[in-house]
Amino acid sequence: MENVSKLQAVSEGRCPRCRKGKIFSRPFYSLRGFDDMYEFCPHCGLKYEVEPGYFYGAMFVSYAISGGVALVLGFLLFYLAGDPGGWVYVAVIAPAMVLIAPVNFRFSRVLWLHYVAGIKYQPGL
């Protein structure tokens with residue numbers, strides 16, 4: 001698994017420093033524990049949560065992702081379904097937000113670690 005690109009590391013949920021260790025201990029489709037993160041990278045030992053409350057910023061990334069998905073679904077309903085009643089928007093968008101929650105949670109944390117944390121890739125690890 002040498003020379004893993006940043007995009008590949010993000011999409012696979014890998015450590016931003018070594019790009020080998022996983023960030024989450026269970027698969028996203030696991031209903032129990034989809035949010036279980038390793039405290040340290042299993043490969044290089046990087047501490048993921050550098051301070052208490054570190055991932056509060058990832059919450060804003062999550063809001064942006066959810067808002068974008070809701071907006072796209074709203075436009076699709078408007079243009080493809082001919083602007084149905086308000087209850088249709090709620091009946092489609094609300095369950096979609098619940099269904100994407102585990103993926104959204106993980107992806108926002110991975111993005112936060114890779115792009116905001118300032119952790120540099122060290123290929124020799």
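Give the residues of the stretch 28-37 that are surrounded by fewer than 14 Cβ atoms within 10 Å (Cβ to Cβ) and either modelled with pLDDT of 90 or more or not in a loop (DSSP other than H, G, I, E, B) (or both), sorted by residue number.
Of all residues in the stretch 28-37, those surrounded by fewer than 14 Cβ atoms within 10 Å (Cβ to Cβ) come to 29-33, 36.
Hit for the stretch 28-37 is ASP36, nothing else.
Cβ separations smaller than 7 Å between residues 6+ apart or across chains give the following pairs from the stretch 38-64 residues that are part of a helix (DSSP H, G or I) to residues that are of a type in the set (Phe, Trp, Tyr) and surrounded by 13 or more Cβ atoms within 10 Å (Cβ to Cβ): GLY57/TRP112; ALA58/TRP112; VAL61/TRP112; SER62/PHE105. Here GLN8 fulfils each of the conditions (1) assigned to a helix (DSSP H, G or I); (2) in contact with a Leu (Cβ under 7 Å, 6 or more places away or on another chain) apart from (2). Quick check on SER62: is it closer than 14 Å to VAL110 by Cβ, polar (S, T, N, Q), out of contact with any Leu (no Cβ under 7 Å at 6 or more places or on another chain) and surrounded by 12 or more Cβ atoms within 10 Å (Cβ to Cβ)? Here the answer is yes, as SER62 does meet what is asked. Here the stretch 89-125 is the region considered, the condition is being part of a helix (DSSP H, G or I) and among the hydroxyl-bearing types (Ser, Thr, Tyr), and the residue that is farthest from ARG19 (Cα to Cα) is TYR89. Looking only at the stretch 91-124, residues that are closer than 16 Å to VAL72 by Cα and among the β-branched types (Val, Ile, Thr) come to 4 in all.
Residues in the stretch 101-119 that are modelled with pLDDT of 90 or more and either surrounded by fewer than 16 Cβ atoms within 10 Å (Cβ to Cβ) or at positive phi (or both): ALA101, VAL103, TYR115. Yes or no: the stretch 70-91 includes at least one residue that is modelled with pLDDT of 90 or more and closer than 18 Å to SER11 by Cβ. So far as the stretch 70-91 goes, no, none of its residues is modelled with pLDDT of 90 or more and closer than 18 Å to SER11 by Cβ. Looking at the structure I just gave you, is SER25 in contact (Cβ under 8 Å) with a residue 12 or more places away in the chain and either of a type in the set (Ser, Thr, Tyr) or crowded, with 17+ Cβ neighbours inside 10 Å (or both)? For SER25, the condition - in contact (Cβ under 8 Å) with a residue 12 or more places away in the chain and either of a type in the set (Ser, Thr, Tyr) or crowded, with 17+ Cβ neighbours inside 10 Å (or both) - is met. Hey, any hits in the stretch 39-55 for a residue that's small (Gly, Ala, Ser) and touching a helix residue (DSSP H, G or I) at 6+ places or on another chain (Cβ under 9 Å)? Scanning the stretch 39-55, I find no residue that is small (Gly, Ala, Ser) and touching a helix residue (DSSP H, G or I) at 6+ places or on another chain (Cβ under 9 Å), so the answer is no.
Name the single residue that is surrounded by the most Cβ atoms within 10 Å (Cβ to Cβ) among those in the stretch 11-22 being assigned to a loop (DSSP other than H, G, I, E, B) and not basic (Lys, Arg). It would help to see each step written out before you state the result.
Within the stretch 11-22, the subset assigned to a loop (DSSP other than H, G, I, E, B) is 13, 15-21.
Cutting the leftovers down to not basic (Lys, Arg) gives us 13, 15-16, 18, 21.
Details: GLY13: 19, CYS15: 27, PRO16: 24, CYS18: 22, GLY21: 20.
Once the filter is applied, the top-ranked residue is CYS15.
The values are calculated or read from the model by the stated rules, or taken from the named source; none is laboratory data. Everything numeric here is computed off the predicted structure, so don't read it as measured data. Every residue, glycine among them, receives a Cβ derived from its backbone with ideal geometry; neighbour counts consider all protein chains shown.
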